[in-house]
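The values are calculated or read from the model by the stated rules, or taken from the named source; none is laboratory data. Here the structure is a predicted model, which is why all the values come from computation and not from measurement. Here Cβ is always computed from backbone atoms with ideal geometry, including for glycine, and neighbour counts include all displayed protein chains.
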2 protein chains.
Amino acid sequence: MIKNLRIKDIAKLAGVSPGTVDRVIHNRGQVTEENRLNILKIIEEVNYKPNLLARSLANKKNYLIVSLCPGFNLQNDYWKAPDHGIERAAREISDYNISVKRFYFDQFSVQSFKKQLKEILELNPDGVLLSPVFREETIDFAQKLDEKQVPYIFIDSNIDGLNNLSYLGQNSFQSGFLAARLLSYSTPADSSILIVQIGGSEPSNQAIRREEGIHNFLSQTPGKYYYTHIDLDTQNPKSKANFSEQISKGDVKGIIVINSKAFEVATIMNDLGIRDKNLIGYDLLPENIKYLKEGLISFLIAQRPEEQGYKGIMSLFNSLVVKSKVEKNNYLPIDILTGENIDYYLNYI
Amino acid sequence: MIKNLRIKDIAKLAGVSPGTVDRVIHNRGQVTEENRLNILKIIEEVNYKPNLLARSLANKKNYLIVSLCPGFNLQNDYWKAPDHGIERAAREISDYNISVKRFYFDQFSVQSFKKQLKEILELNPDGVLLSPVFREETIDFAQKLDEKQVPYIFIDSNIDGLNNLSYLGQNSFQSGFLAARLLSYSTPADSSILIVQIGGSEPSNQAIRREEGIHNFLSQTPGKYYYTHIDLDTQNPKSKANFSEQISKGDVKGIIVINSKAFEVATIMNDLGIRDKNLIGYDLLPENIKYLKEGLISFLIAQRPEEQGYKGIMSLFNSLVVKSKVEKNNYLPIDILTGENIDYYLNYI
DNA sequence: CTGAAAGCGCTTACAG
DNA sequence: CTGAAAGCGCTTACAG
């Protein structure tokens with residue numbers, strides 16, 4: 001239990017005043033090279049660690065961290081969990097003169113995204129947490145932040161080749177691979193598997209990568225399964241009828257829904273009285289959870305969405321205040337949920 | 001962004017000095033009832049939140065938190081992860097005048113446990129994190145801590161009916177239930193399941209509860225599976241031979257090892273060239289992980305051991321310093337690991 | 001280029 | 001029972 005030395009002690013060792021030591025620590029210049037080197041040497045030798053409490057208390061600087069994520073509502077609450085994590089982190093670090101301002105955009109509107117980016121830039125934040133849904137706009141925004149030397153972090157999805165401090169999210173390919181693996185445990189050889197994309201719109205980059213992962217796994221067991229990709233638009237009666245026909249076939253034993261809407265398939269299975277298929281989906285939407293508990297969905301795969309928000313803010317905090325290194329790629333664990341462990345997962349934190 | 005009021009502001013509002021406000025906040029008495037009530041009212045009204053940084057910085061009090069867990073080594077590193085979590089938490093809160101001292105005991109020796117408890121009591125700690133392996137000794141110890149009003153937390157296993165601030169660990173029954181559930185996905189009806197306890201010694205409370213969970217699940221599908229409990233002592237050639245014979249039977253399709261030594265079964269399967277059975281185990285010992293990746297173990301079930309240590313210390317910190325409420329029962333998520341997601345789980349943090 | 005002084009919000013003796 | 005003062009370790013103008 002060696003008591004940490006203080007700036008005052010370093011100053012005494014170096015034969016200067018605390019102010020000079022502080023200037024060296026913060027690279028504020030105005031110190032002779034000789035003093036600077038000597039102080040740095042002492043700091044190194046005694047392994048000086050600043051007291052962050054005192055630093056934050058004395059520091060007049062207020063850091064502004066801004067987050068921009070898709071909004072959420074009762075119909076689609078996927079983004080509620082990250083938002084919750086952001087808020088929890090904000091509370092934890094508020095004493096450190098850090099305020100976190102949360103912005104939201106409509107994930108189907110580039111315009112709303114651009115509008116918020118503009119507002120954020122005008123605020124001159126010290127750090128940004130961002131869900132980079134729209135590629136070009138994000139690249140442009142990132143460039144502007146780079147110029148201002150403002151750190152930014154991506155969550156949920158990533159854009160390669162940018163200077164983001166970190167990415168927090170899933171490895172989609174691997175989570176697809178895992179889904180196929182889980183299905184293979186319970187699916188007999190020679191049966192059919194449906195890979196379903198739901199929603200009538202373009203699949204997200206995430207969904208595409210998941211499907212690649214699924215294909216990759218299935219290609220390792222050649223000839224064992226037949227599989228078909230289906231686009232299901234539940235708003236379109238024809239699409240729905242076609243899907244109902246497909247899923248009713250006896251040789252179809254497994255279904256993987258590659259976006260977060262597995263509950264739509266569960267609903268159809270429920271209506272048709274189908275119970276003998278294994279359905280695997282992603283993300284802990286309330287309706288997915290409901291069907292998981294009822295047994296219509298066998299597995300849900302999740303990526304700690306609350307953690308993404310929490311850790312994203314904490315990483316910015318660490319970078320700005322603690323000045324500690326932040327991992328650039330931070331893949332979150334790929335969690336497997338069943339009716340048996342879901343409650344423990346949800347209750348935790 | 002309303003700036004938080006300070007003690008000084010409260011004092012002004014109440015027409016007293018900061019010292020008096022402080023006396024009220026900390027129940028140090030020596031304040032007229034009239035002033036006390038008035039100050040409390042104002043604190044309530046303006047929703048005063050103390051600045052923890054300033055509080056800790058000014059506070060001369062040094063908190064001592066002590067942990068007592070089983071030691072670990074290369075052969076048995078189960079307790080390495082909790083220890084790591086304890087250390088991480090200690091680092092994070094060291095600025096708050098908190099030091100964490102870690103004690104270890106031999107989990108097979110009551111004597112070593114008792115010896116450490118005695119030492120700990122002599123240190124007069126402000127909080128204790130404990131793995132209550134030995135029941136009677138823990139009850140006695142807990143009573144002494146109760147008398148001193150020292151908060152204590154149990155991790156990994158629990159003892160009911162004590163005044164521990166919190167319990168952090170798994171719900172063993174449910175994790176057994178889940179293991180049986182996972183096995184049922186891939187095990188055809190009418191096949192046999194082995195439930196294996198390894199080690200020649202008494203099964204732990206945890207293992208017993210897991211087996212109860214397994215039985216509970218299996219009893220919900222009556223007649224679907226045959227199952228047998230086997231005690232395997234790998235040091236005993238006869239026990240090993242008997243086990244090898246059992247596991248070689250064609251109708252045995254699934255094995256659950258109810259303690260952390262699934263790798264022993266995997267080794268035997270490996271030696272015998274058996275590849276067509278599903279093996280499920282617990283805990284992320286290096287050898288278990290090795291066989292999980294090789295596919296000899298289908299699933300491992302884990303309970304975030306690192307988190308148990310981390311959160312245990314943080315809960316004591318929250319109770320002692322932040323003065324926030326701590327949940328008494330904190331079951332950790334029951335995580336399902338396969339060869340596909342294990343690396344993301346291990347890399348995380 | 002350097003040091004002395006004041007202040008961050010809170011706590012703790014001390015004097016009255 | 002109460003208030004003024006000093007101090008926690010660090011930062012920030014300010015004067016020289």
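Can you go through B:Tyr48, B:Tyr63, B:Tyr78 and tell me which one is among the hydroxyl-bearing types (Ser, Thr, Tyr) and closer than 30 Å to B:Ala302 by Cα? Give the derivation first.
Values: B:Tyr48 fails: closer than 30 Å to B:Ala302 by Cα; B:Tyr63 fails: closer than 30 Å to B:Ala302 by Cα.
Going through B:Tyr48, B:Tyr63, B:Tyr78 in turn, the sole match is B:Tyr78.
Could you tell me which of the residues A:Ile42, A:Ile93 is within 16 Å of DNA strand C (Cβ to nearest atom), surrounded by 14 or more Cβ atoms within 10 Å (Cβ to Cβ) and away from chain B (no Cβ under 14 Å)? So that I can check it myself, show each step before the final result.
On the way: A:Ile93 fails: away from chain B (no Cβ under 14 Å).
Result: A:Ile42 is the single residue among A:Ile42, A:Ile93 that is within 16 Å of DNA strand C (Cβ to nearest atom), surrounded by 14 or more Cβ atoms within 10 Å (Cβ to Cβ) and away from chain B (no Cβ under 14 Å).
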> Restricting attention to region B:20-35, which residues are within 11 Å of DNA strand D (Cβ to nearest atom) and either within 14 Å of chain A (Cβ to nearest Cβ) or at pLDDT below 85 (or both)?
Replying inline: B:Arg28, B:Gly29, B:Gln30, B:Val31, B:Thr32, B:Glu33, B:Glu34, B:Asn35
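Answer with yes or no whether A:Ile301 is crowded, with 23+ Cβ neighbours inside 10 Å and facing another protein chain (nearest Cβ under 9 Å). Break it down into steps so the answer makes sense when it comes.
On the way: crowded, with 23+ Cβ neighbours inside 10 Å: yes; facing another protein chain (nearest Cβ under 9 Å): yes.
Taking the combined requirement at face value, the residue satisfies it.
A quick yes/no check of all residues on (1) closer than 30 Å to A:Asp335 by Cα; (2) away from chain B (no Cβ under 14 Å); (3) surrounded by 21 or more Cβ atoms within 10 Å (Cβ to Cβ):
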site: A:Arg102; (1), (2), (3): yes, no, no
site: A:Val110; (1), (2), (3): no, yes, no
site: A:Lys115; (1), (2), (3): no, yes, no
site: A:Leu123; (1), (2), (3): no, no, no
site: A:Leu129; (1), (2), (3): yes, yes, yes
site: A:Asp140; (1), (2), (3): no, yes, no
site: A:Ile153; (1), (2), (3): yes, yes, yes
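Please return the ranges of helices (runs of 4 or more DSSP H) entirely within region B:231-329 where 3 or more residues are in contact (Cβ under 8 Å) with a residue 60 or more places away in the chain and of a type outside the set (Asp, Glu).
Values: elements: B:237-248, B:262-272, B:286-294, B:305-317.
Qualifying helices (runs of 4 or more DSSP H): B:305-317.
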>> Based on this model, can you work out whether A:Asn51 counts as touching a residue at least 12 places away in the same chain (Cβ under 8 Å) and either within 7 Å of DNA strand D (Cβ to nearest atom) or farther than 17 Å from A:Val321 by Cβ (or both)?
In response: yes
> Does any residue in region A:338-349 that is more than 7 Å from chain B (Cβ to nearest Cβ) come within less than 7 Å, Cβ to Cβ, of a residue that is part of a loop (DSSP other than H, G, I, E, B) six or more places away or on a different chain, and which pairs are these?
Replying inline: A:Gly339/A:Gly295
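Please go through region B:45-63 and give me each residue that is more than 10 Å from chain A (Cβ to nearest Cβ) and either more than 15 Å from DNA strand C (Cβ to nearest atom) or crowded, with 17+ Cβ neighbours inside 10 Å (or both), ordered by number.
Here is the first cut: in region B:45-63, the ones more than 10 Å from chain A (Cβ to nearest Cβ) are B:45-48, B:59-61, B:63.
Answer for region B:45-63, where residues must be more than 10 Å from chain A (Cβ to nearest Cβ) and either more than 15 Å from DNA strand C (Cβ to nearest atom) or crowded, with 17+ Cβ neighbours inside 10 Å (or both): B:Glu45, B:Tyr48, B:Tyr63.
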> Would it be correct to say that A:Ala81 is in the same structural domain as A:Leu123 (by TED's automatic domain parsing) and more than 8 Å from DNA strand C (Cβ to nearest atom)?
Replying inline: yes
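Would you point out the residue of region B:317-349, among those that are among the aliphatic types (A, V, I, L, M) and modelled with pLDDT of 95 or more, that is nearest to B:Gln174 (Cα to Cα)? Spell out how you get there, then give the answer.
Just the residues of region B:317-349 that are among the aliphatic types (A, V, I, L, M), to begin with: B:320-322, B:326, B:332, B:334, B:336-337, B:342, B:346, B:349.
Filter once more, keeping what is modelled with pLDDT of 95 or more: B:334, B:336-337, B:342.
Details: B:Ile334: 8, B:Ile336: 13, B:Leu337: 16, B:Ile342: 21 Å.
The selected residue is B:Ile334.
Is it the case that some residue within region B:301-315 is over 16 Å from the mean Cα position of the chain (by Cα) and among the hydrophobic types (A, V, I, L, M, F, W, C)? Don't jump to the end; show me each part of the working.
Let us first name the residues in region B:301-315 that are over 16 Å from the mean Cα position of the chain (by Cα), namely none.
No, region B:301-315 contains no residue that is over 16 Å from the mean Cα position of the chain (by Cα) and among the hydrophobic types (A, V, I, L, M, F, W, C).
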